[in-house]
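Quick note: the coordinates plus some simple rules give every number you see, no bench work behind them. This structure is a prediction, so every number in the text was calculated from the model and none was measured. Heads up, the Cβs are rebuilt from the backbone with ideal geometry, glycines too, and the neighbour counts pull from every protein chain shown.
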Amino acid sequence: MNENFVPATIPPDNRAVPSLWFLFHKFDLLVFLDEQGQAALPRVVSPAALDLGDFRVVGQQYFGYLQNKTRLHCYAGELVPEQGDPNLPDGLALMHLRRLYGRFDEAMLWLAGRAVQLVDWDRTHQFCGRCGTPTHTAPNERVKQCPHCGHTSYPRLSPAVIVQVTREGKNGREILLARNKRNQLPMYSVLAGFVEPGETLETCVRREIREEVNLEVKNIRYFGSQPWPFPNSLMVAFTAEYASGDIVLEEAELVDAQWFRADNLPLYPPPMSIAHRLIEDFRQAESMAVNANS
Ligand SMILES: [Zn+2]
């Protein structure tokens, strides 16, 4: 997360200061790429100062500032292609947020995740969901209002749980990891799923584990959380212990699920995700336990 970021909705009086621009085409962020492959955001007074090739900017939103010695203001916007096969000038690139990991300051990456959700919200709430009238954006609050029927829409968040399930196996502690059908790579991860209306997070943890692998869990504990902007999740992570049952796969979603020891882990998600943190937490606890016993 970016500790220096202060969210805000009202832009500064003085607009003639260079600001950071988070401009997206779908989930791809506009960046300057240098010859080493490092990426940087445009820092300009307005996107009008940039040569954007076949793109134009719509839906500009001010969303806050970075407070260091001075304030660095942040804007988000959507890039719309003017024609079917749009070009960008040399040195500029559109990159998916996931591909920017490692090329880009991590705190800035999370700020970009915040920006892309606001852009997506703006794009999908141009009209009232109840009566179809074009909406207005409130000046001092992040909300779309319908001038006809008064319906309001705030940026939507979809909470999901993600769970590290462990058990005491015959040869030491094990973690439950599963391989999802949608993942092209032979990658295993912890189980996750969206919270349904009316559920507590703990109920959701039990239901997801039951539905996906037919196991019961106990000792559910909060671990941490992470915004996941693809497109608007909030991942709430838990640890839990195996209580009972044998693995039976939910075959519509999973191709495999197994118990793994820390010294025998399969390919798992890269550092950007909270799934990685949950699996690393297990691995590190086990390596400390092994060192303590040797
Ligand atoms: Zn309406």
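Which listed residue (Gly113, Leu100, Ile247) has the Cα farthest towards the positive end of the charge dipole for the chain, taking +1 on Lys and Arg C-beta and -1 on Asp and Glu C-beta about the Cα centre? The residue sitting most towards the positive pole is Gly113.
With the cut-off at 1.5 for a/c, could you classify the stretch 1-132 from its C-alpha gyration tensor as rounded, prolate or oblate? Cα axes put the stretch 1-132 in the rounded bin. If you run the Gaussian network model on the chain, springs between alpha carbon atoms under 10 Å, then out of Arg114, Arg261, Arg182 the most flexible one is Arg182. Charging the Cβ of each Asp and Glu at -1 and of each Lys and Arg at +1, and nothing else, the dipole of the chain about its Cα centre rounds to 560 debye. Shape class for the stretch 179-294: rounded, because the ratio a/c of the largest to smallest gyration tensor axis (alpha-carbon atoms, square roots of eigenvalues) is under 1.5.
FRET efficiency for the pair Lys170 and Gln284, taken as 1/(1 + (r/R0)^6) with r the Cβ-Cβ distance and R0 = 25 Å, rounds to 0.70.
Within the straight-line cut-off of under 28 Å between alpha carbons, the lysines reachable from Lys218 are Lys170, Lys181, sequence neighbours fewer than 8 places apart in one chain being disregarded.
For the stretch 85-178, the calculated P(r), taken from all Cα-Cα distances in 10 Å bins from zero up to the bin holding the longest distance, is 12, 24, 23, 23, 12, 5, 1 percent.
Dipole orientation for the stretch 158-293: of the candidates Pro197, Val290, Pro270, Val290 has the Cα lying most toward the positive pole (charges on Cβ; Lys, Arg +1; Asp, Glu -1). In order along the stretch 209-214, the Karplus-derived 3J(HN,Hα) couplings, from 6.51 cos²θ - 1.76 cosθ + 1.60 at θ = phi - 60°, round to 5, 5, 5, 7, 9, 6 Hz, and Gly and Pro are given as x. Residues considered: Arg15, Arg103, Arg277. Largest GNM mean-square fluctuation over the chain, using C-alpha springs under 10 Å, is found at Arg15.
Each residue of the stretch 79-96 was assigned a 3J(HN,Hα) from its phi angle through the Karplus curve 6.51 cos²θ - 1.76 cosθ + 1.60 (θ = phi - 60°); the sequence is 9, 10, x, 7, 8, x, 10, x, 10, 10, x, 4, x, 9, 9, 9, 10, 4 Hz, with glycine and proline shown as x. Ellipticity at 222 nm from helices only: DSSP H runs of n ≥ 4 in the chain, each -39500 (n - 2.57), divided by the residue count, give -6000 deg cm²/dmol. Taking amide H as placed 1.01 Å from N in the peptide plane, the amide H of Arg56 sits under 5 Å from that of Val80, Glu82, each at least 5 places away or on another chain.
Counting Lys and Arg as +1 and Asp and Glu as -1 over every other residue whose Cβ lies under 9 Å from the Cβ of Arg261, the net charge comes to -2.
Whole-Hz Karplus values for the stretch 114-129 come out as 5, 5, 5, 5, 5, 5, 5, 5, 4, 5, 9, 10, 6, 10, 4, x Hz, taken residue by residue from phi with 6.51 cos²θ - 1.76 cosθ + 1.60 and θ = phi - 60°; glycine and proline positions read x. Look at Lys218, Lys69 and count the other Cβ atoms within 10 Å of each Cβ; fewest to most, that gives Lys69, Lys218. Note on the stretch 1-96: dipole from Cβ charges, positive end direction compared against Ala40, Gln60, Leu79; the farthest Cα belongs to Gln60. Helix 274-293 and the longest principal axis of the Cα set of the chain meet at an angle near 40°.
State the Kirkwood hydrodynamic radius of the chain in Å, one decimal place, computed from all pairs of distinct Cα atoms. Show your work: numbers first, answer last.
Values: mean 1/r = 0.0461 Å⁻¹.
It is 21.7 Å.
Scanning the chain for GluC sites (Glu not before Pro) in DSSP loops with at most 13 neighbouring Cβ atoms within 10 Å leaves 142-250 as the longest stretch between them. With a Förster radius of 30 Å, plug the Cβ-Cβ distance of Cys131 and Arg156 into 1/(1 + (r/R0)^6) and report the FRET value to the nearest 0.05. Once rounded, the FRET efficiency stands at 0.95.
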